[in-house]
1. Determine ³J(HN,Hα), in whole Hz, for all residues of region 134-144 in sequence, where each value follows from phi through the Karplus function 6.51 cos²θ - 1.76 cosθ + 1.60 and θ = phi - 60°; x replaces Gly and Pro.
2. Of the trypsin sites (Lys or Arg not before Pro) in region 1-71, which ones lie in a loop per DSSP and count no more than 16 other C-beta atoms within 10 Å?
3. Excluding same-chain residues fewer than 8 positions from K50, which lysines have a Cα within less than 22 Å of its Cα?
4. Can you list the trypsin sites (Lys or Arg not before Pro) in region 137-227 that are in a DSSP coil and have 10 or fewer other beta carbons within 10 angstrom?
5. Taking the Cβ of K52 as the centre, find all other residues whose Cβ is under 10 Å away and add up their charges (Lys, Arg: +1; Asp, Glu: -1).
6. Please list, by residue number, every one of the GluC sites (Glu not before Pro) in region 201-256 that is coil in DSSP and has at most 16 other beta-carbon atoms within 10 Å.
7. Starting from the 7 Å offset along Cα-to-Cβ, what nm value, one decimal, do you get for the label separation of K52 and S15?
8. Which is the longest stretch in the chain that no exposed loop site breaks, taking sites as chymotrypsin sites (Phe, Trp or Tyr not before Pro) with a DSSP loop state and at most 14 other Cβ atoms within 10 Å?
Amino acid sequence: MKIAVAIKQVPDRDSQVRIGPSGRWIDEADLQYAMNEPDAYALEEALLLKEKHGGEVIVVCAGPERVGITIREALAKGADRAIHVVCDDLEGRDALGVARLLAEAIRPENPDLVLTGLQSEDLGLGQTGVIMAELLGLPHSTLILQVEKTDTGLKVKRELEEGWFQSIELPTPALLTIQSGGNKLRYATLLGIKRAKTKEVRTVAAADLGAETSPTVLLERVALPQKQKSTQFLSGSPKEAAAALVEKLRFEVRVL
């Protein structure tokens, strides 16, 4: 079973974020980076399927040279080889633009299954995986917690709203976007880290994939949340003050 896993490198959640000089993205100087957590769950699901049924796990990651660290982490955890789509303007591409890059990198592999995380921690669009499925012409399903291989394809467990779940069957090849929390993430072992140094990482330039960019402007401006404090005194009798407080909570704060 050949499984392709799309992963993304994102700023570490504990990093101190500052706005870059252009005002359209964050300042990447001195940032710490990590693997996008939902993608880590997608990788874990792929590794579990490989351990149970055999086959190969290929990770695909788009980004500048620094994403090599995240690729090596995936290889250290057990992926067999990797494809690095070298792209220095990833933050300027919308979900369609990124999906085109990843789809063209994955297409020649003809995998039996493509896995992605549900969404990225930096932008949270939740669209890249399903757009990839459309571009690759694959059936897909989202919010997946468990994947089981069957004689005819796959049986998956989806998370719905309010504690409900759904089990459906899909043919292969297929694409699934994985929800966080379905499995326990593994750590890279010392032996895995050593082996990762010898595993294949194929690089391909984004321009060589023939993937069109999207005309959509992803981000016009980014800004840090404004810190605001205010105090209001409610006059009148206790009954009048209580009524005024309820009105403010209902119509201004909108918590009632």
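Read-outs throughout are calculated quantities, based only on the coordinates presented, and are distinct from any laboratory measurement. Since this is a predicted model, take the numbers as computed values, not measurements. Here the Cβ is made from the backbone with ideal geometry for all residues, glycine too, and neighbour counts use every protein chain on show.
1. Values, residue by residue: 5, 5, 8, x, 10, x, 8, 8, 10, 6, 8 Hz.
2. Those that pass, being in a loop and sparsely packed, are R13, R18, R24.
3. Straight-distance partners of K50: K2, K8, K77, K149, K155, K157, K184, K194, K197, K199.
4. Hits after loop and neighbour filter: K184, K197, R221, K227.
5. With Lys, Arg at +1 and Asp, Glu at -1, the neighbours total 0.
6. Of the GluC sites (Glu not before Pro), the ones in loops of region 201-256 whose Cβ has at most 16 other Cβ atoms within 10 Å are E212, E220, E252.
7. The answer from the label model is 3.5 nm.
8. 1-163
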